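Visitor: Handing you a structure now.
None of the figures in this text is laboratory data; all of them are computed from the coordinates on show. Since this is a predicted model, take the numbers as computed values, not measurements. Here the Cβ is made from the backbone with ideal geometry for all residues, glycine too, and neighbour counts use every protein chain on show.
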């Protein structure tokens, strides 16, 4: 049995009523079978960020916020094609492929079909759109995504957000590349936000309540190997996420719970009733296995190989340093409230400590 490593990692999704028929399979590289081993963090407060990085990859990401120059919907063939061109431009410059560029046109979608196996769809493969019926189908597919809103697109369908993982774009001059890509098309305006640098007023105005490059990450230790297959521990993470997402300026949260619920719904016909936590340990194990075989495993792992420690990520909207400190303290309090005896949880933020 592997011993926990004294190291970790750092680095962002949303809830809304689900439309039946189309699901986002934001896969995770759950380290099962032949998948890459994900070490087990020990939750040392002095090395939390490093532990997250070692186990789950460095998750610092720049954000590009874009909107159509005419202020209209992004769900138009020429505008979606322009957006996909921007995303592909970043992909072509990736120096590593540890974590993929996340864009509404490139994430894997699962369309549930009555009486037939689910169909995997990537929106860029549908471009250019053939006619109005095709356009309406694509919009319906995209707007039914559980995790898309305030993550890759806003609820109005007029702003999109492209996540640019720094670990995969090492050495790339992102501001210069962004200027080049935006100048190469004439349908979209865009603004870039980079971790560790002040967020510009232009980005804050364009992004609104969408994500910024600022995020708080943490770890949840279920206390035993395989603990994250227990519905009780998954319910703890879900409760924390619900509390966190009730806070102003929290754009989105992510844990393994999101992946399991979406996968469960996709495998059960896409019904709203199926969008719940697994009911048993055995069902959770089956869903984790399904996730490990998803074609969209490029967004990084969210649990360790021993299925004991899970990643917590809280994406923030544009905030001041003081607002970030207040949010971190509230999140720390939420974790303390929900974490049961025998388990541990930790946020990798100096601001989280009382």
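Visitor: Taking Cα pairs under 8 Å and at least six residues apart, what relative contact order does the stretch 61-207 come out at, in percent?
Guide: On the way: 214 pairs, mean separation 64.3, N = 147.
The normalised contact order for the stretch 61-207 reaches 44 percent.
Visitor: Further question on the same structure: Does the stretch 49-121 come out rounded, prolate or oblate, given a ≥ b ≥ c as the square roots of the eigenvalues of its C-alpha gyration tensor, rounded meaning a/c under 1.5 and, failing that, prolate meaning a/b above b/c?
Guide: Working: a/c = 2.37, a/b = 1.21, b/c = 1.95.
Because a/c hits 1.5 or more and a/b fails to exceed b/c, the stretch 49-121 counts as oblate.
Visitor: A further question on this structure: I need to check one value: relative contact order of the stretch 249-317, counting alpha carbon pairs closer than 8 Å and at least 6 residues apart, in percent. Can you show the working numbers first?
Guide: Numbers: 68 pairs, mean separation 33.9, N = 69.
So the answer I get is 49 percent.
Visitor: Okay, next question. Under a point spin-label approximation (7 Å from Cα along Cα-to-Cβ), what is the residue 336-residue 180 distance to one decimal in nm?
Guide: 4.9
Visitor: Ratio of the stretch 175-246's C-alpha Rg to 2.2 N^0.38 Å, to two decimals?
Guide: Values: Rg = 19.0 Å, N = 72, 2.2 N^0.38 = 11.2 Å.
The reported ratio for this selection is 1.70.
Visitor: Can you give the Rg and Dmax of the stretch 160-214 based on its C-alpha atoms, in angstrom?
Guide: Taking only Cα atoms of the stretch 160-214, I get Rg and Dmax of 11.5, 30 Å.
Visitor: I would also like to ask the following. Give the distance, in whole Å, between the Cα centre of the stretch 298-315 and the Cα centre of the stretch 209-287.
Guide: Measuring centre to centre over Cα atoms gives 11 Å.
Visitor: Also, quick follow-up: Treating the stretch 303-354 as a set of equal point scatterers at the Cα positions, no solvent, please give the Debye-formula log₁₀ I(q)/I(0) at q = 0.14, 0.29 Å⁻¹.
Guide: The calculated log intensity ratios at q = 0.14, 0.29 Å⁻¹ are -0.43, -1.21.
Visitor: May I pose another question? Viscosity 1.306 mPa s, temperature 10 °C: what is the translational diffusion coefficient of the stretch 245-326 from Stokes-Einstein with a Kirkwood Rh over Cα pairs, rounded to a whole number of µm²/s?
Guide: Working: Rh = 14.5 Å.
Estimated diffusion coefficient is 109 µm²/s.
Visitor: Take each of the peptides 251-259, 204-212, 191-199, 99-107, average the number of other beta-carbon atoms within 10 Å over its residues, and list them starting from the highest. Mind showing how you got there, number by number?
Guide: Details: 251-259: 25.6, 204-212: 19.6, 191-199: 17.1, 99-107: 23.1.
Top of the packing list down: 251-259, 99-107, 204-212, 191-199.
Visitor: According to a simple spin-label model (label point 7 Å from Cα along Cα-to-Cβ), what is the distance in nm between residue 273 and residue 289?
Guide: Taking the simple label geometry, residue 289 and residue 273 are separated by 2.5 nm.
Visitor: Moving to a separate point now. Taking the convex hull of the Cα atoms, report for the stretch 61-207 its projected area averaged over all directions, in nm². Please list the in-between numbers first.
Guide: Values: hull surface 37.5 nm².
With every direction weighted equally, the projected area is 9.4 nm².
Visitor: Could you rank the peptides 239-248, 124-133, 334-343, 225-234 by their average count of other C-beta atoms within 10 Å per residue, with the highest value first? Write out the running numbers ahead of the final one.
Guide: On the way: 239-248: 16.3, 124-133: 13.0, 334-343: 14.8, 225-234: 19.7.
Put in order of decreasing packing, that is 225-234, 239-248, 334-343, 124-133.
Visitor: Continuing with this model, one more query. Can you tell me which of 88-98, 302-312 comes out highest on packing, and rank the rest after it, using the mean Cβ neighbours within 10 Å? Mind dumping the intermediate values first?
Guide: Working: 88-98: 15.4, 302-312: 24.9.
Highest-to-lowest ranking by the protection proxy: 302-312, 88-98.
Visitor: Mind giving me the nanometre distance, one decimal, between the label points for residue 209 and residue 132, set 7 Å out from Cα along Cα→Cβ?
Guide: About 3.2 nm, to one decimal.
Visitor: Oh, and also: With 10 Å bins from zero, work out the P(r) of the stretch 239-290 over every alpha carbon pair and list the percent per bin.
Guide: Cα pair-distance distribution for the stretch 239-290, in percent: 24, 45, 26, 5.
Visitor: Which whole-number percent gives the relative contact order of the stretch 33-109, counting Cα pairs below 8 Å spaced six or more residues apart? The partial results should precede the final answer.
Guide: Working: 27 pairs, mean separation 14.3, N = 77.
Normalised by residue count, the contact order of the stretch 33-109 is 19 percent.
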